[in-house]
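Working notes for the structure below.
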Amino acid sequence: MGWFFRLGARPILAVQDSEKAHYRAIRKIKLLGRWKITRVFLSGFFSSPTLNVERFGIKFSNPVGLAAGMDKKAEALTAWPALGFGFAEVGGVTLHEQQGNPKPRMFRNWNSRSLINRMGFNNDGADKTAKRMLKVKENGNWPNIPIAINLGKSKITENENAAEDYCGSIEKLWEFADFFVVNVSSPNTPNLRDLQTDEHLAGLLERCIQQNKKCAEEHGAKEKPILVKVAPDLEDEQLAIIARTARSSGLSGIVATNTTISRPEINTKSGKKFTKETGGLSGKPLGKRSTEVIRLIYQETEGQLPIIGVGGISNADDAWEKIINGACLVQFYSAFVFEGPTITKSIVKGLKKKLKQHSLDSLDQAVGMAVNVR
Ligand SMILES: Cc1cc2nc3c(=O)[nH]c(=O)nc-3n(C[C@H](O)[C@H](O)[C@H](O)COP(=O)(O)O)c2cc1C
């Protein structure tokens, strides 16, 4: 099936506008995920072997997840398990519906296997997203994998009111999330990344945790794990402070990393044009820094805080690198665009092989294997 994508779909996708190609793909995935029979068909090609992991009280049948941004509107929920994912992060969702930045705002560079996007949190807002998710629940089609909801801040909300915005979304979406990811690291909403500073972050996380408690009481259920997603462009010292803040606030983990505003050198005419686009860069060139960030957080938290590793993963070797440097779960976005849907299964299979090669019984034994914790 991988060959089908490489020889058939990829050349067609390559000549299409990036965002149009994305929505065409999402529409097809959504359609194929709608009926049991088509889901069974998808599973036949794409389902992953089991590789159990348990973190922050949630069981994952494999550690490979879909990263935020691919299913911003939670439209294709039912399809992600059939495509082999062990979990899926939908969103970013903001409290208010918003259009995002003017188009074009998504760019691909096939040679470097990277994307630049300045989408600006285009999404349906928390209310509409909650209604859509409720419908899936009511229809009895709820996916059998953990679903994370990525939360962004609405553009119209000033940073000093950010907590209300995030908490409003938590309240509306609470019952649909297995866990939440508070995204303070997208480069495409003005000043959003300032929320990563110590001055803002501790207060914001505390408010999210309080909102979570309130929702749990109202629903007579357990609190949902909350994680924070960080940028790769922070100085190491800033990252260390965030790691300490996350741990002391009682967060369940860190997602590392979001896209980068730095640019690789690409010495082709199209590459030079590509790197001039503003926005966040994802894919292959992000891999090294994202792994460094994972390692740093793992060291700083003495391996005690779960890390979801994301950035530049396109095969089992990349995923393994993230895991041995401290990630207990991994995700990707760009590789889905460049490598197609067989990538998930192939990464899980590859990870199982790695465990065998290292004579390890479980993924837990591999997490942080390459890091000396003080
Ligand atoms: C088009 C696009 C939209 C994205 N939207 C979000 C988002 O809404 N929230 C978020 O936290 N990350 C978002 N991301 C970042 C990804 O979740 C991921 O952190 C990043 O792309 C690095 O992973 P990759 O190299 O596997 O793509 C987006 C990425 C892309 C390419």
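Residue by residue, the stretch 243-254 carries 3J(HN,Hα) couplings of 4, 5, 4, 4, 5, 6, 6, x, 5, 8, x, 10 Hz when phi is fed to the Karplus relation 6.51 cos²θ - 1.76 cosθ + 1.60 (θ = phi - 60°); x denotes Gly or Pro.
The phi-based Karplus calculation (6.51 cos²θ - 1.76 cosθ + 1.60; θ = phi - 60°) puts the 3J(HN,Hα) values of the stretch 136-142 at 4, 5, 5, 7, x, 9, 4 Hz, whole numbers, x for Gly and Pro. If you average the C-alpha positions of the stretch 316-365 and of the stretch 219-249 separately, how far apart do those two centres end up, in angstrom? Between the Cα centres of the stretch 316-365 and the stretch 219-249 lies a distance of 23 Å.
When the charge dipole of the stretch 62-112 is built from unit charges on Cβ atoms (+1 for Lys and Arg, -1 for Asp and Glu) and taken about the Cα centre, the candidate among G69, M106, F87 whose Cα reaches farthest toward its positive end is M106. Remark: the stretch 211-217, residue by residue, has Karplus-estimated 3J(HN,Hα) of 4, 4, 4, 4, 4, 4, 4 Hz, where x stands for each Gly or Pro and the curve is 6.51 cos²θ - 1.76 cosθ + 1.60 at θ = phi - 60°. Protection proxy ranking, highest mean first, for peptides 213-219, 50-56: 50-56, 213-219, where packing is the per-residue count of other beta-carbon atoms within 10 Å, averaged.
Computed from point charges on the beta carbon alone (+1 for Lys and Arg, -1 for Asp and Glu), the dipole magnitude for the chain about its Cα centre is near 1900 Debye. Mean-square fluctuations from a GNM of the chain, with a 10 angstrom spring cutoff on Cα atoms, peak among S154, S112, S48 at S112.
Listed peptides 348-355, 178-185, 162-169 appear in the order 178-185, 162-169, 348-355 once ranked by packing, highest mean of other Cβ atoms within 10 Å at the front.
Annotation: amide H of G340 has no partner in the under-5 Å range at sequence separation 5 or more or interchain, hydrogens built in the peptide plane. Per residue, the convex hull spanned by the alpha carbons of the stretch 226-374 comes to 122 Å³. Tell me the relative contact order for the chain as a rounded percent, counting alpha carbon contacts under 8 Å between residues six or more apart. It rounds to 18 percent for the chain.
The tail of the calculated P(r) for the chain, taken as Cα-Cα distances beyond 28 Å, holds 40 percent of the pairs.
Note on the stretch 266-311 and the stretch 20-48: Cα centroid distance 28 Å, given to the nearest whole angstrom. With an 8 Å cut-off on Cα pairs and a minimum separation of 6 or more residues, tell me the relative contact order of the stretch 143-202 in percent. It comes to 38 percent, rounded to a whole number.
Within the listed set S248, S282, S47, the residue fluctuating most in the Gaussian network model of the chain (springs between alpha-carbon atoms under 10 angstrom) is S248. When the stretch 70-181 is described by a simple charge dipole with +1 on each Lys and Arg Cβ and -1 on each Asp and Glu Cβ, the residue from Y166, T78, L134 located farthest towards its positive end is T78.
Look at the dipole of the chain built from charges on Cβ: of A335, P190, N372, the Cα furthest out on the positive end belongs to A335.
If packing is taken as the average count of other Cβ atoms within 10 Å, what order do 119-131, 308-320 fall into, highest mean first? If you can, show how the numbers build up before the last one.
Values: 119-131: 20.4, 308-320: 24.2.
Final packing ranking: 308-320, 119-131.
Using just its DSSP H runs of length 4 or more, each adding -39500 (n - 2.57), the chain gives a mean residue ellipticity at 222 nm of -12000 deg cm²/dmol after division by all residues.
All of the numbers you see were taken from the coordinates with simple rules; none came from a lab. None of these values were measured; they are calculated from a predicted model. Glycine gets a Cβ as well: all are built from the backbone with ideal geometry, and neighbour counts include every protein chain shown.
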